[in-house]
Amino acid sequence: MQDPSTFDPMTMTRVIDAVIEAKHELSTKMQSEINLPYVTADATGPKHIMETIKRAQYERDVDPVVQGMLAPIRKLVTKSKEIEATQTESKDADENVMNMKPLVVVVGGCARSEHLRSEITKTFGKEWEVRNLEMPEEAVVQGAAVLAARGAGWQ
């Protein structure tokens, strides 16, 4: 098959749209079909893309990204366990805080992934609170502001 970097912009748009649609389908289905006729042509004739992607394949392919996303959460869990272990005197006051469900804000297409959600549950060792954001862009902007403040040395 032809190198994808040589496809014209319209072809790349068709391929990207089909992959995004397949990713969304894999949130609720065990497999997804990508069927793009006449993607390109060469001397031998027209070329088509007909692929079946299984959820297990998708999860295997995105797992390195998921594990990278979980790294800060793992640090948080480790830190909270250290704090919990050192707090013995005010245990009654903090008991409600330690028993609360963690709240994780996940924004974007990967938020629908059952693989990501199950990995977060494994990381915390308990269920976590799920919230549907009305405006996910706001969470992205706030997160960027926090990172910028940290980069500037603010506490």
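The values are calculated or read from the model by the stated rules, or taken from the named source; none is laboratory data. These numbers were taken from a predicted model, which means no experiment stands behind them. Note: ideal-geometry Cβ built from the backbone for every residue, glycine included; neighbour counts use all protein chains shown.
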Query raised in the report: Would you pick out the residues in region 41-73 that are in contact with a helix residue (DSSP H, G or I) (Cβ under 6 Å, 6 or more places away or on another chain) and among the charged types (D, E, K, R)?
Result: Glu59
Query raised in the report: Which of the residues that make up region 1-38 are surrounded by 11 or more Cβ atoms within 10 Å (Cβ to Cβ), modelled with pLDDT of 85 or more and not in a helix (DSSP H, G or I)?
Result: Leu26, Lys29, Gln31, Ser32, Glu33, Ile34, Leu36, Tyr38
Report summary line: Inside region 9-57, the number of residues satisfying the requirement of being among the small types (Gly, Ala, Ser) and touching a residue at least 60 places away in the same chain (Cβ under 8 Å) is 1
Report summary line: Exactly one of Lys122, Lys79, Lys91 is loosely packed, with under 11 Cβ neighbours inside 10 Å, outside the structural domain of Glu21 (by TED's automatic domain parsing) and modelled with pLDDT of 85 or more, and that residue is Lys122
Query raised in the report: Within region 53-74, is there a residue that is modelled with pLDDT of 90 or more and in contact with a strand residue (DSSP E or B) (Cβ under 6 Å, 6 or more places away or on another chain)?
Result: yes
